[in-house]
């Protein structure tokens, strides 16, 4: 189905084209841009509501500023679809998030307009400030703008950057896009503070009146610029506390203004261009603006998949038989069961209650499950604090987001031997979100930390049993459970809990030609490969190791005593991961064997479907089978000769 842009949008292939349009026609550009995003995402999928909410801002920024010379940094990045379309990528936008196509996030190698690669939140202010400081040092008259959502502003890194920006004396503009949302509704005191600013009619009316008066004062003649600032600051302090948080950090505060009024945005940005130094513009927007259903249910429409843009019906695949659940739902529903059994069980997540499915427990037991906002470091240390009081805390963080709290995992949890349970959702390749979201490294970076237990379930039953084991009083150490994005393999998944002996694997199949050692969900790929190989006369053994720390050494002694050909399979980096642990054991015990390590290669893996990426990285079922054929080459030749 061909997607046709509007009459104005079809001729916009760069910001230079946009600037040729009159200001009074910009609202038409916004309407066409919003409709184009709706058309493409409804058919091809992707993030949705966030970009609709910043259509006017995207247009205004490229209309006012001289991009890419002026540096524009988008926080998180899934709100940057309009930005991509306006900067020469309209025709290729249908490839967004597809294998070999455009990234779903700004990416420096993709366009000169993407000044900074983003995927995780709260980095924009630091990056834009660095650019502004560089411009000052190089004596360049370029502007630096950071667009950050109110959800991203909850992260400590954003406050660290603002604290520095206030004293760095660099020309940086921070645009606070306030829509009360990240993926789920925002939480915390900052959200309430911003709400107070937005809904304070007294403050906003007085401030508007002061701005109007200030515009009429002959600054530079009878009234000094310093005096003008004092008048404005006095009114802010007199009327309310709004603005004080930011101005206490020495950031000049402007707003709040309507983020959907394109004329007001253009005028305001033109005014702010003339004001030097660090400043913050507070705009108020609606996530999902322009698509009624997305405005009403912003969480659901954050990334809804394919849908009928007229009816709003989300396209769902129909099946003839019961399907396995998502791992995240197994986690979320199992949390409720465990909490009902054990009153010490608590849940914590940093702004991912829907993505992790902790929302189920939050709805049923709001006093025992908490969304702490986009602040992974705080989530880990908060969990550690709860654990000091004897509580069994399940801290659910996406694998790639866990990278941000490595120090807290070491210093606040492992060193103190606190039995926090880290449930790492989206471990391994995640698909269309690409390299910023792939959970490649958690096996490697956790494996080097003392006092840690590292486990991965091969299916839903194993996930439940590992969670059950982790909350037992006999479990005395931090416990990491990693599992992938998407569905498992067991339609009938709700089984009776059984404790698993820590560090104990299981032999799934005996064999004589080669041993397959799998860790986690890829064990299911190995099972499929074995079925193919047995039809070819190759007889592999299969061991589900379950734990990478501690390793099941008794099982490994059995493997290396019996087999001189071994294949390891994991959904993580092959550098320092599960396969590396097996090689270390082999070397320490002076075994000799041919070992092939399959997993995520030592390079950045781009975006695509999981099926495409597993194939590219060489550890889907056909790749496992081929690796074994190569390893047992003589056996294959003999079998072919007999045929």
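Could you rank the peptides 37-48, 305-316 by their average count of other C-beta atoms within 10 Å per residue, with the highest value first?
Per-residue mean Cβ counts within 10 Å order the peptides as 37-48, 305-316.
Does anyone have the angle between helix 262-273 and the longest principal axis of the chain? Alpha-carbon axes, 0 to 90°, nearest 10?
Value to nearest ten degrees: 80.
Using packing as a proxy for protection, rank 333-344, 12-23 so that the peptide with the highest average count of other Cβ atoms within 10 Å comes first.
333-344, 12-23
Rounding to the nearest 10 and keeping the result within 0 to 90°, find how far the Cα-based axis of helix 26-44 lies from the longest principal axis of the chain.
In the chain, helix 26-44 runs at an angle near 10 degrees to the longest axis.
For the range 327-482, how big is Rg over Rh, using alpha carbon atoms and the Kirkwood form of Rh?
So for the range 327-482, dividing Rg by the Kirkwood Rh gives 0.92.
Rounded, prolate or oblate for the range 1-138? Axes are the square roots of the Cα gyration tensor eigenvalues, ordered a ≥ b ≥ c, and the cut-off for rounded is a/c under 1.5.
Taking the square roots of the gyration eigenvalues as a ≥ b ≥ c, the range 1-138 is oblate.
What translational D, rounded to a whole number of µm²/s, comes out for the chain from Stokes-Einstein when the hydrodynamic radius is the Kirkwood one over Cα pairs, at 20 °C and 1.002 mPa s?
D, rounded to a whole number, is 80 µm²/s.
Expressed as a rounded percentage, what relative contact order does the range 22-100 have, with Cα pairs under 8 Å and six or more residues apart?
36
Cα centroids of the range 421-452 and the range 391-419: how far apart, whole angstrom?
Answer, in whole Å: 12.
Between the helical axis of 376-388 and the dominant principal axis of the chain, each derived from Cα atoms, what acute angle in degrees is found, rounded to the nearest 10?
Roughly 60 degrees between the two axes.
How high is the relative contact order of the chain? Use alpha-carbon pairs under 8 Å, at least six apart in sequence, and give a whole percent.
It comes to 11 percent, rounded to a whole number.
Highest first, please rank the peptides 244-250, 116-122, 172-178 by the mean number of other Cβ atoms sitting within 10 Å of their residues.
Result, highest mean Cβ count within 10 Å first: 172-178, 116-122, 244-250.
Can you bin the range 430-496 into rounded, prolate or oblate? Criterion: square roots of the alpha carbon gyration tensor eigenvalues sorted a ≥ b ≥ c, rounded for a/c under 1.5, prolate for a/b above b/c, oblate for the rest.
Oblate is the answer for the range 430-496, as a/c is 1.5 or above yet b/c matches or exceeds a/b.
Values quoted throughout were computed directly from the atomic coordinates according to the rules given, and no laboratory measurement underlies them. The shown structure was predicted, so the numbers you read here are calculated from the model rather than taken from an experiment. Positions of Cβ are backbone-derived with ideal geometry, glycine not excepted, and every protein chain shown enters the neighbour counts.
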